[in-house]
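Visitor: My structure is below; once you've seen it, I'll send some questions.
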Amino acid sequence: MGEEEVDFPWRAEKLIVETGGAATHLTAEACEEDRRRDAVHAMMGFRTLRLTWRQVVHEPGFVAKAIATALAG
């Protein structure tokens with residue numbers, strides 16, 4: 001993925017899972033940077049699935065299903 005750091009890459013499946021919460025991702029600058037990174041990854045053929053901290057902590061079944069579906073598709 002070059003210089004771009006990602007949270008959870010599945011390189012063979014061309015899937016990136018990014019996690020984060022409002023504390024680090026709701027500023028205008030963070031939002032802008034997240035979208036730039038998504039675009040860079042898309043240009044490299046990757047899909048990005050974004051999940052919130054709340055979803056990861058409080059909805060693990062949803063998170064597991066979302067990732068499994070993305071990996072299957």
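Rule-based calculations on the coordinates, nothing more; no lab input. From a predicted model like this one, the values you see are computed outputs, not experimental measurements. Using ideal geometry, Cβ is built from the backbone for each residue, glycine included, and neighbour counts are taken over all protein chains shown.
Visitor: Taking amide H atoms as placed 1.01 Å from N in the peptide plane, list the residues 5 or more away in sequence, or in a different chain, whose amide H sits under 5 Å from that of GLU59.
Guide: Under 5 Å from the amide H of GLU59: no residue qualifies.
Visitor: For ASP38, ASP7, what's the fewest-to-most ordering of other Cβ within 10 Å of each Cβ? Intermediate values should be presented prior to the final figure.
Guide: Values: ASP38 17, ASP7 12.
By the 10 Å Cβ count, ascending, the order reads ASP7, ASP38.
Visitor: Can you tell me the length gained on complete extension of the stretch ARG54 to ARG35, counting 0.36 nm per residue apart and subtracting the Cα distance?
Guide: Numbers: separation 19, 0.36 × 19 = 6.84 nm, distance 2.02 nm.
That works out to 4.8 nm of additional length.
Visitor: Let me ask you something else. Averaging over all projection directions, find the projected area of the Cα convex hull of the range 8-72 and quote it in nm² with one decimal place. Each step should come with its number before you reach the end.
Guide: Numbers: hull surface 17.5 nm².
Its Cα hull, projected and averaged over all orientations, spans 4.4 nm².
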